[in-house]
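Here's the structure we're looking at; comments come further down.
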Amino acid sequence: MHIATMLWVDLRNQSNQSCLSSSFEDICQTLTIKQSSTGPRFLNTTEADLICFEYDYPDIQSLHLLQQTRQSDPDIPILMFTEQHSEALAVWAFRTGVWDYHVKPLSEVDMAHITESLKTASEFRDAIKLRHVSCESEPLPEEVRFRAPTSGETILQGAINYVQNHYPEKILETDMAEMCGLTVNKFSRLFKQTYNLTFQEYLIGYRLNESTRLLLNPVASISDVAFTVGFNDPSYYARVFKKYMGLSPSECRQILKEKRGVENIDTRIMEMKIPV
């Protein structure tokens, strides 16, 4: 039994059929529209209970379409699914009035949450009216002005997203290769070719980057910070930090505390070429 009518707007650069939209066909009557991100047209939303915008790498025009839809029908619930993820993009989405924002690939828990929320689709519009979200255009995040992703970046995006969402956990390169549909050897070669660093270097770099933020907390010990970002050995964390950052975690904490040399720390992080 269909509980709602869903308009699925496919704004991915890939031409293949979306597997994600088909996941909801049992509970929603789904109308899928494949839009060209280079020239999306105005959407007719009169027959839809909710709209899902699916992206791989959002760009200016495809995000403008979401904004225009929000402005033309401010009460309709909008769900946004994207492979490229950043804090700036998520903030933009919620400020624009997106009802829910999800990063692909989705876990079983994510799917269960979305499915459950769709069962209350008839209540969405009233809830949105109570939120009084402004329909004014929110400035687009800077990263949507970047170049189109390379084929390597597209293939590896699932692994990048996974690290950014699960970096404190144990992450095996074999699992990431399987997630991307590659053998370990092919995954390793492609990662190195695409980002000019190995997957392990990227994982370490991302954890170190996150640890500099946690070092600002004066009550967190160096060991606490190490464990929180995924290093099981605080001594190893300190050695790696010194190797990549050129100073110890405690020295970094003191610099951050005194707000001196912060630009140099930011530069060291950028030189690690951590993809985001």
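Each value in this text was obtained by applying a stated rule to the coordinates, not by laboratory testing. A quick note: this is a predicted structure, and the numbers were derived from the prediction, not measured. Glycine gets a Cβ as well: all are built from the backbone with ideal geometry, and neighbour counts include every protein chain shown.
Would you give the gap between the C-alpha center of the stretch 65-96 and the C-alpha center of the stretch 6-23, rounded to a whole Å?
With the stretch 65-96 and the stretch 6-23 each reduced to a Cα centre, they are spaced 16 Å.
Please report Arg95, Arg253 as a ranked list, fewest other C-beta atoms within 10 angstrom at the top and most at the bottom.
Ranked by crowding around the Cβ, least crowded first: Arg95, Arg253.
Count neighbours as other Cβ atoms within 10 Å of each site's Cβ, and list the trypsin sites (Lys or Arg not before Pro) in the stretch 161-191 that are DSSP loop with at most 14 such neighbours. Let's see the in-between values first.
On the way: sites: Lys170, Lys186, Arg189; in loops: Lys170.
Counting only loop positions with at most 14 other Cβ atoms within 10 Å, the trypsin sites (Lys or Arg not before Pro) in the stretch 161-191 are Lys170.
Taking loop as defined by DSSP and a crowding limit of 11 other beta carbons within 10 Å, which GluC sites (Glu not before Pro) in the stretch 158-200 fit?
Numbers: sites: Glu169, Glu173, Glu178; in loops: Glu169.
When the GluC sites (Glu not before Pro) of the stretch 158-200 are filtered for loop state and at most 11 Cβ neighbours within 10 Å, Glu169 remain.
Extending each Cα 7 Å along its Cβ direction at His166 and Asn196, get the distance between those two points in nm, one decimal.
3.0 nm
Quick check on the exposure proxy: order Ile204, Ile27 from fewest to most C-beta atoms within 10 angstrom.
Going from sparsest to densest Cβ surroundings: Ile27, Ile204.
Hey, how many Å between the Cα centroid of the stretch 144-216 and the Cα centroid of the stretch 235-252?
That distance is 21 Å.
Which FRET efficiency value, to the nearest 0.05, do you get for Thr46 and Asn13 by plugging their Cβ-Cβ distance into 1/(1 + (r/R0)^6) with R0 = 22 Å?
So the FRET efficiency works out to roughly 0.20.
Dividing the alpha-carbon Rg of the stretch 199-241 by 2.2 N^0.38 Å yields what?
After normalising by residue count via 2.2 N^0.38 Å, the value is 1.05.
Tell me, what is a quarter of the convex hull surface for the C-alpha atoms of the stretch 53-105, in nm² with one decimal? Walk me through the numbers on the way to the answer.
Numbers: hull surface 12.9 nm².
The Cα convex hull of the stretch 53-105, projected and averaged over all directions, gives 3.2 nm².
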